[in-house]
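The next block holds one structure in the form of structure tokens; read it before the comments.
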């Protein structure tokens, strides 16, 4: 609701001006890292369910590194 309220009050010119400041490659890279880190975390959970501690640690270390890169 807040998005639509701000959009109607600010007008379309404000949003066009602000969209020029977006860094698409940076945001696309961060989004990709975030989604892939969710995948590696889930793979770690699957490894834990199988009792495979080595793969669990590997996947969670990869998840941690990707999270650190994201931040």
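Readers should treat all values here as calculations from the given coordinates under stated rules, not as data from a laboratory. What you see is a predicted model; the values in this text were computed from it and never measured. As a convention, Cβ positions derive from the backbone with ideal geometry for all residues, glycine included, and neighbour counts pool all protein chains shown.
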Study note, to complete from the structure: Distance in nm between residue 4 and residue 35 label points, each 7 Å along Cα→Cβ, equals 2.7
Review point. What order do you get for 30-36, 55-61 when each peptide is scored by the mean count of other beta carbon atoms within 10 Å, highest first?
Key: 55-61, 30-36
**Study point:** Relative frequency of Cα-Cα separations exceeding 18 Å in the range 25-71, percent
**Key:** 31
Practice item. Would you please put 10-16, 44-50 in order of how densely packed they are, using the mean number of other Cβ atoms within 10 angstrom per residue and starting with the highest? Key: 44-50, 10-16
